[in-house]
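Here is the structure we will look at.
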Amino acid sequence: MATKSANLYARIEPDLKEQAEGILSSLGISTSNAITMFYKQIVLQRGLPFEVKLPAKQPVDVSTLTEQELNAELEKGYADIAHGRVKAAEDVFADLRKNYSL
């Protein structure tokens, strides 16, 4: 195993750092080991080990819609149901988490 002798300095938001370190601690993984794992995956994948892209479209923020616009969105949903264009709720939530990093 190679000796760990290189230093890495990065500036990140303090709250993000705290949240990530809390999760890593719960997993029993040090920040140094997590960064090493991340770098190893970059080398193995020959790029970032996850997809980096902007979502094709953003979900509708219903709080910004007028009553007419909200009714139009609801009508679209009813039409989807009527035409059998439905998905299990668990699949919808999995897609939302994946596509919007939730």
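Among the residues in the range 8-20, are any of a type in the set (Ser, Thr, Tyr) and assigned to a helix (DSSP H, G or I)? Checking the range 8-20: not a single residue is of a type in the set (Ser, Thr, Tyr) and assigned to a helix (DSSP H, G or I). Residues that are among the charged types (D, E, K, R) and in contact with a Ser or Thr (Cβ under 7 Å, 6 or more places away or on another chain) are absent from the range 51-65. Residue count for the range 40-49, restricted to those that are surrounded by 10 or more Cβ atoms within 10 Å (Cβ to Cβ) and either among the acidic types (Asp, Glu) or not in a helix (DSSP H, G or I) (or both): 3. Exactly one residue out of VAL86, VAL52 is assigned to a loop (DSSP other than H, G, I, E, B), under 15 Å from the mean Cα position of the chain (by Cα) and β-branched (Val, Ile, Thr), and it is VAL52. When ALA56, ALA79, ALA94 are screened for being of a type in the set (A, V, I, L, M) and in contact with a helix residue (DSSP H, G or I) (Cβ under 9 Å, 6 or more places away or on another chain), only ALA56 passes. Looking at this structure, is GLN58 under 20 Å from the mean Cα position of the chain (by Cα) and either surrounded by 10 or more Cβ atoms within 10 Å (Cβ to Cβ) or at pLDDT 90 or above (or both)? No: the conditions fail for GLN58.
LEU102: surrounded by fewer than 10 Cβ atoms within 10 Å (Cβ to Cβ), aliphatic (A, V, I, L, M), out of contact with any strand residue (DSSP E or B) (no Cβ under 8 Å at 6 or more places or on another chain) and outside any helix (DSSP H, G or I), yes or no? When the stated conditions are applied, LEU102 passes them. For the range 65-74, the criterion of a residue being surrounded by fewer than 10 Cβ atoms within 10 Å (Cβ to Cβ), at pLDDT below 90 and either among the β-branched types (Val, Ile, Thr) or over 30 Å from LYS4 (Cβ atoms) (or both) is satisfied by no position.
Only residues that are modelled with pLDDT under 95 and touching a helix residue (DSSP H, G or I) at 6+ places or on another chain (Cβ under 9 Å) were counted across the range 34-49, and they come to 2.
The values are calculated or read from the model by the stated rules, or taken from the named source; none is laboratory data. Given the structure is predicted, the values throughout are model-derived calculations rather than measurements. A quick note on method: Cβ atoms are made from the backbone with ideal geometry, for glycine too, and the neighbour counts reach across all protein chains shown.
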